[in-house]
Number of protein chains: 2
Amino acid sequence: MKNFKLRLPVFLWLLMAGLVMRAQQANPLREVSVASPDGDVRLVFKVDSQGVPTYSLSYKQKPVIKTSRLGLELKGAPGLMDGFSLAAADTSTFDETWTPVWGEESKIRNHYNELLVTLDQEAQKRQLKIRFRVFDDGMGLRYEFPLSRNLNYFVIKEEHTQFAMTGNHTAFWIPGDYDNQEYDYTESRLSEIRGLMQKALTYNSSQTPYSETGVQTALQMKTDDGLYINLHEAALKDYSCMHLNLDDKNFVFESWLTPDAQGNKGYMQAPCVSPWRTVIVSDDAREILASRMTLNLNEPCAYDDVSWIKPVKYVGVWWEMITGKSSWAYTSSLPSVKLGETDYSQTKPNGYHAANTEHVKRYIDFAAANGFDQVLVEGWNEGWEDWFGRSKDYVFDFLTPYPDFDLKGLNEYAHAKGVRLMMHHETSSSVRNYERHMDDAYRLMKKYGYNAVKSGYVGNIIPRGEHHYGQWMVDHYLYAVKKAAKYKIMVNAHEAVRPTGLCRTYPNLIGNESARGTEYEAFNGNKPFHTTVLPFTRLVGGPMDYTPGIFDIKLDFLGNRPHKQVNTTLCKQLALYVTLYSPLQMAADLIENYEKHMDAFQFIKDVAVDWDKSLYLEAEPGDFLTIARKEKGTSRWFVGGITDENARTAEFRLDFLDPSKKYVATLYADGKDADYQNNPTDYRIKKGIVTAKTKLSVRLARSGGFALSLVEATPENSKGVKKF
Amino acid sequence: MKNFKLRLPVFLWLLMAGLVMRAQQANPLREVSVASPDGDVRLVFKVDSQGVPTYSLSYKQKPVIKTSRLGLELKGAPGLMDGFSLAAADTSTFDETWTPVWGEESKIRNHYNELLVTLDQEAQKRQLKIRFRVFDDGMGLRYEFPLSRNLNYFVIKEEHTQFAMTGNHTAFWIPGDYDNQEYDYTESRLSEIRGLMQKALTYNSSQTPYSETGVQTALQMKTDDGLYINLHEAALKDYSCMHLNLDDKNFVFESWLTPDAQGNKGYMQAPCVSPWRTVIVSDDAREILASRMTLNLNEPCAYDDVSWIKPVKYVGVWWEMITGKSSWAYTSSLPSVKLGETDYSQTKPNGYHAANTEHVKRYIDFAAANGFDQVLVEGWNEGWEDWFGRSKDYVFDFLTPYPDFDLKGLNEYAHAKGVRLMMHHETSSSVRNYERHMDDAYRLMKKYGYNAVKSGYVGNIIPRGEHHYGQWMVDHYLYAVKKAAKYKIMVNAHEAVRPTGLCRTYPNLIGNESARGTEYEAFNGNKPFHTTVLPFTRLVGGPMDYTPGIFDIKLDFLGNRPHKQVNTTLCKQLALYVTLYSPLQMAADLIENYEKHMDAFQFIKDVAVDWDKSLYLEAEPGDFLTIARKEKGTSRWFVGGITDENARTAEFRLDFLDPSKKYVATLYADGKDADYQNNPTDYRIKKGIVTAKTKLSVRLARSGGFALSLVEATPENSKGVKKF
């Protein structure tokens, strides 16, 4: 059937047009401004002589963003770029404190002054609104598209939101890419990005860079006059992911959206809004880490019942495959698998398939003995023999275990010991196939008692031509999370679009990868400064499943095979449990590697995964971090400190402790001779009594770190313990 | 996670390579042939001097297909085009008779001689096989791709199967198009196609023509020496739909597959096969209609239980929207709908929404009173206000009725009267959205007692860039059918890819549109010869939901609005129930239009929808048809005859009747003054006693027709009835 009748509701369009006209006649405004509650951050909005909307931002009187244009180019329709007049400017104030389901703090204050500008585009008889929220630590702006006759369904050709920098700042960047964000960070001047781009574009299984000066958000910068500026977005929904393209003559960043298979950048239906474009700013790097602006710009929790959402500490069958010791695949005798046709019971096991019942039981035992919540098992299901790089549609069914994996028995075994298995859904980016199987896959999980899934999107997206960060996939990732919530399942999606604070609204999104994680330590290694950058970039949008805790730094367990090493000391691995916030923390190494260092492993056993309070004691992006956190609902504190390729001494006071109490401190620190390259596993453990008055000074080796636990002293735990 | 280990099963590849070599050394063949069981059809296969596989076909010694090349071009890999040697040629014979769940006949014979050629491509160390099946009525060939090291996963750039015609034949064609097949047929010489293409490309809501000499299959041709040749495909699965591109200098057709969003034409995993490429040939046009080759080239029924699959005769709330009398949409006050947000109870009904409870009840009453199985209701669910042309993802949920449609009450009302409602799922081609809702939508159907769904794919496909006839969508249509089978639901998909006999394997696919149906009689009209062509083209692959039965030929019910007319007489509308085979037949007109002609309507009430036997008494594509069919399981026969824009006299014997019996014949024929333009509703009904010896001569008006029912005479029904 192909024909249909259009009866336009004319009266309605006339009504809308009338409203536009009235507002326009009433208001001759050209410029308005709004400041943060503390007055430090100031936003000026102005419509220029061509009717182009612009804004600028300052912090403590210093310019942060110079006058920058706003607007969008549409496909097959006049743009929302110019010809605007300022019809109305409404300001308001908001202040509330809310309680996250999990987080770095148990209470978060959301306090801002808002400016909503209404713009008339008279020639097109339509309006555009731009909403600014100015916080003490920065600013968010978003476009709002009111429904009108000339703005109903529209396609975005490109968004042209500019961020004009005031100079040639230092930036911590990764290449802009529609499909990959697992790059090492580069620290450089803005003017150097172009020259360093090729080197920064290391190989990945799916990657689509788009410009010699394109970078990804969150982008952390530092100015010569001591400002820390962070550009990102918040609440990415129903829109494609924003990258930034740099005009490196003028140091102006401009939004660059991820296209779809046809090159279009967004399909919109008014009334609707864009995600927030965010600028976090401070003259103290620690305040960037303390900012909750990204979360605050997201909607409150969408679920009534969140009792089923719990932080998770886990071990798993994973690192041994990543390092090449064992395999996801069950057999090596299948060049090609057809699910449902291939009979694995007729194939020869390769003998190094890790997800086998006996091996998994060992992990369950270990988890139970050491207080872990879950055991991740990758490679449990049929299809791994040809899962990658084939553009294969029906690549996994997420239901059928390999012959050597006793799905029912292992879950029962785990549950009897108070442990759960963690599900793994690698999709191979065959997204239609995953959606087709999703309900059955989630049902299988519930049947056997899984409550968390690690999902993966390795390789090029199917439907072919779509990108990992386009609107199509942005929609999919959230679809998976919302559907999981119906089954009370938590999601930890790898290779998905980088987070933008959506975990406030959908707190069962307990983790993402979306950056270069520990796995790369087994491939080419991560730069020593990597984890000092992540909290300023990737983590601004939400927690990362970084999977730290590698103790066998030199990968000696692999025997004589050629391999690299993990570019940290052992103690830095411990520190990451505190410095890289996540409600989902893995102890990623093999059991046998932990068993050689059970004294150090004690810290991983002890460290919390949910917090009442977080304090950023020392911080400099690319250099070092010292963070203290108080466990949710207890009086225990944990402190972690890390450094880059340079050794340093962390110095900090324990003045955050209850001054009326004493604490037993246990310090895990790099040994005297520790060095990430020459002696990474040299560590010392020191126990002593401390108070709020204690000042600590801890030496960190090159790419080293320390971890500190602080437990209220009791007669039992302090017996024989001396002053620190 | 991005890295993984490749351990190639080398021994396996070596084994395969060895097999290839041995076969090659053993066989110096260059040419082989195989003939049909009756010897009339002869296929010659030959590898030419460049190693190109070729074939030719003859019928009763006359060339049908001149030497034509075979092969495929691959993307990023050496082609399967040349460099072949003939390693093996295996012949076999097959003869079985099978029972379709529904059909034109209750028993179908599948009898062919087969030739399987194995081709070595030595330079690539791989093989290609081509399987030919030669029937008395034609030939099917397909490619088979054995798994080997150099042929595992591959991407088709283009298939190059040629069909070299012997001359400038007359063809009945519609433009090749990746998205639309609802074109009027053009009858022309092959050499005229290019010149007529633009005129043939009438507007449609989604259309992507690709060549000035591109046409679609099934393509019916007629040669100057009296051969009827039909080109099509069978068993289209896991592959993209084939069009034909004509080299109009040499009259050579070549396969032209439908591309995906990136221009690729197929993603394959060996071992696998292509669909069958078919040539049906005869010197009697009636034999083209009698051919069951397309069904025979499909796999047997995939379902164990088919008891729930039943032919359906139905009425529905449909023609009134098609003609513009009423609307699918509930309201005219919504410029834009957001499902789940838009509250229809707060909108003003437009007053001409057809799918309202009272109106549907009237259809249920009418269906019950006249023996119809089902009542189709379109426009029952939320979303029709902005459903079309918006590239809207979440366009329908397939679950939520409009406020004026009592889903539960109407089903109960219908069931109490022995009638079912027929579900309608218009997807607006937002296919991801449909798949996401499919289980819930089918469950809703089962809950309320629906067992059949009419689905629709109007507009451009989402995922954007994919085409209606590409591999992606071919996969989707079958996914929908197979999933429906799990719920014991029958599917009648409109705007889907044209059928290729898959209904043999999946008999719950009880109908398709996939051609220009009756709806176009309300738009621009169908050519008078249209329905004389369809059985030779569209219907070769499977039944069509043509929705005949329009009695108000001049659309007088629309009042004074400007409109066209249906380009047939009323009696031709009746004849279509016999001449256009379908197990799913609609009486498409409004109740009030039937009520004016209840005597003629009696034929629609009587006519069967499932058959023991079908006889093609007279046939000439583009000109006329006379078909007789015996109802399944009874002794009743029905005959239909139609003509094109020329009046004619049908002459035929009733020698198919049981010679030992008498029958009461009821003839519905064009009246003396009937003419489709000037007097389309002039008809006469004549009753009389006939026998197997009766010869009938029936006058058909311009674009006219006749219908005849033949019932065994009993004392009751023949009382007072004279000899015909």
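Miscellaneous remarks
- Flag for B:A619 being crowded, with 17+ Cβ neighbours inside 10 Å, touching a Leu at 6+ places or on another chain (Cβ under 8 Å) and at pLDDT 95 or above: yes
- Restricting segment A:340-355 to residues that are of a type outside the set (K, R), within 13 Å of chain B (Cβ to nearest Cβ) and surrounded by fewer than 20 Cβ atoms within 10 Å (Cβ to Cβ), the residue that is nearest to A:W328 (Cα to Cα): A:Y352
- Any hit, segment A:25-36, residues being crowded, with 18+ Cβ neighbours inside 10 Å and modelled with pLDDT under 95: no
- Selection from segment A:439-496 of residues that are among the aliphatic types (A, V, I, L, M) and farther than 29 Å from B:G465 by Cβ: A:L444, A:M445, A:A452, A:V453, A:A485, A:I489, A:M490
- Test for A:T681: is it at pLDDT 95 or above and more than 30 Å from A:K310 (Cα to Cα): yes
- Residue check for A:D612: assigned to a strand (DSSP E or B), surrounded by fewer than 20 Cβ atoms within 10 Å (Cβ to Cβ) and touching a residue at least 12 places away in the same chain (Cβ under 8 Å): yes
- Some residue of segment A:321-337 being touching a residue at least 12 places away in the same chain (Cβ under 8 Å), in a strand (DSSP E or B) and out of contact with any Pro (no Cβ under 8 Å at 6 or more places or on another chain): yes
- A single member of B:W318, B:W308, B:W276 is in contact (Cβ under 8 Å) with a residue 24 or more places away in the chain and within 14 Å of chain A (Cβ to nearest Cβ), and it is B:W318.
- Taking the numbered list (1) crowded, with 20+ Cβ neighbours inside 10 Å; (2) within 12 Å of chain B (Cβ to nearest Cβ); (3) under 23 Å from the mean Cα position of the chain (by Cα) in turn, A:M422 passes all entries but (2).
- Top-ranked residue in segment A:651-678 [being of a type in the set (S, T, N, Q) and without any contact (Cβ under 8 Å) to a residue 12 or more places away in the chain; ranked as surrounded by the most Cβ atoms within 10 Å (Cβ to Cβ)]: A:N678
- Qualifying residue in segment B:506-519 (condition: among the polar types (S, T, N, Q) and under 25 Å from B:K199 (Cα atoms)): yes
- Residue count, segment A:425-444 (criterion: more than 10 Å from every other protein chain (Cβ to nearest Cβ) and assigned to a strand (DSSP E or B)): 2
- One residue from B:V101, B:V32, B:V117 being β-branched (V, I, T), out of contact with any Ser or Thr (no Cβ under 7 Å at 6 or more places or on another chain) and part of a loop (DSSP other than H, G, I, E, B): B:V101
- Summed over segment A:327-375, the residues that are of a type in the set (A, V, I, L, M) and farther than 21 Å from A:N451 by Cβ give a count of 6.
- Screening the candidates A:Y479, A:Y506, A:Y487 for the property of being among the aromatic types (F, W, Y), touching a Leu at 6+ places or on another chain (Cβ under 9 Å) and surrounded by fewer than 24 Cβ atoms within 10 Å (Cβ to Cβ) yields one hit, A:Y506.
- Of all the criteria given as (1) in a loop (DSSP other than H, G, I, E, B); (2) loosely packed, with under 14 Cβ neighbours inside 10 Å; (3) at pLDDT 95 or above, the one not satisfied by B:T93 is (1).
- Cβ-Cβ distances below 6 Å connect the following pairs, each with a first residue in segment A:108-119 that is on the phi < 0 side of the Ramachandran plot, a second residue that is in a strand (DSSP E or B) and of a type in the set (G, A, S), and a separation of six or more residues or different chains: A:E114/A:S92; A:V117/A:A89; A:T118/A:A87; A:T118/A:A88.
- A Cβ distance below 7 Å, combined with a sequence gap of six or more or placement on separate chains, defines the contacts here; from segment B:386-413, residues that are free of Cβ contacts under 8 Å to residues at least 60 places away in the same chain reach residues that are crowded, with 18+ Cβ neighbours inside 10 Å and of a type in the set (K, R) in the pairs B:D386/B:K392.
- Counted residues, segment B:445-502 - those being part of a helix (DSSP H, G or I), within 12 Å of another protein chain (Cβ to nearest Cβ) and either small (G, A, S) or over 17 Å from the mean Cα position of the chain (by Cα) (or both): 7
- As a summary of the residue check, A:V474 satisfies the conditions (1) surrounded by 23 or more Cβ atoms within 10 Å (Cβ to Cβ); (2) touching a Ser or Thr at 6+ places or on another chain (Cβ under 6 Å); (3) of a type outside the set (D, E, K, R) except for the one numbered (2).
- Scanning segment A:559-587 for residues that are surrounded by fewer than 24 Cβ atoms within 10 Å (Cβ to Cβ) and among the polar types (S, T, N, Q) gives A:N560, A:Q565, A:N567.
- Counted residues, segment B:240-274 - those being of a type in the set (A, V, I, L, M, F, W, C), over 21 Å from the mean Cα position of the chain (by Cα) and part of a loop (DSSP other than H, G, I, E, B): 3
- In this structure, A:V337 does not qualify as touching a His at 6+ places or on another chain (Cβ under 8 Å), of a type in the set (A, V, I, L, M) and within 14 Å of chain B (Cβ to nearest Cβ).
- Members of segment B:196-237 found to be polar (S, T, N, Q) and assigned to a strand (DSSP E or B), listed by number: B:Q220, B:N230
- Residue in segment B:55-64 that is surrounded by 18 or more Cβ atoms within 10 Å (Cβ to Cβ), touching a Lys or Arg at 6+ places or on another chain (Cβ under 8 Å) and of a type in the set (A, V, I, L, M) present: yes
- Total residues in segment A:356-390, condition small (G, A, S), in a loop (DSSP other than H, G, I, E, B) and away from chain B (no Cβ under 14 Å): 1
- Positions within segment B:508-546 being over 13 Å from the mean Cα position of the chain (by Cα), within 14 Å of chain A (Cβ to nearest Cβ) and closer than 19 Å to B:E495 by Cβ, in sequence order: B:T518, B:E519, B:Y520, B:E521, B:A522, B:F523, B:N524, B:N526
- Evaluation of B:E412 against the conditions (1) part of a helix (DSSP H, G or I); (2) touching a strand residue (DSSP E or B) at 6+ places or on another chain (Cβ under 7 Å) shows that the sole unmet condition is (2).
- Condition met for A:G226 (surrounded by fewer than 20 Cβ atoms within 10 Å (Cβ to Cβ), touching a residue at least 40 places away in the same chain (Cβ under 8 Å) and either more than 14 Å from every other protein chain (Cβ to nearest Cβ) or in contact with a helix residue (DSSP H, G or I) (Cβ under 6 Å, 6 or more places away or on another chain) (or both)): yes
The values are calculated or read from the model by the stated rules, or taken from the named source; none is laboratory data. Just so we're clear, the structure is a prediction, and the values are computed from it rather than from any experiment. Neighbour counts are summed over all protein chains in view; Cβ atoms, including those assigned to glycine, are modelled from backbone coordinates with ideal geometry.
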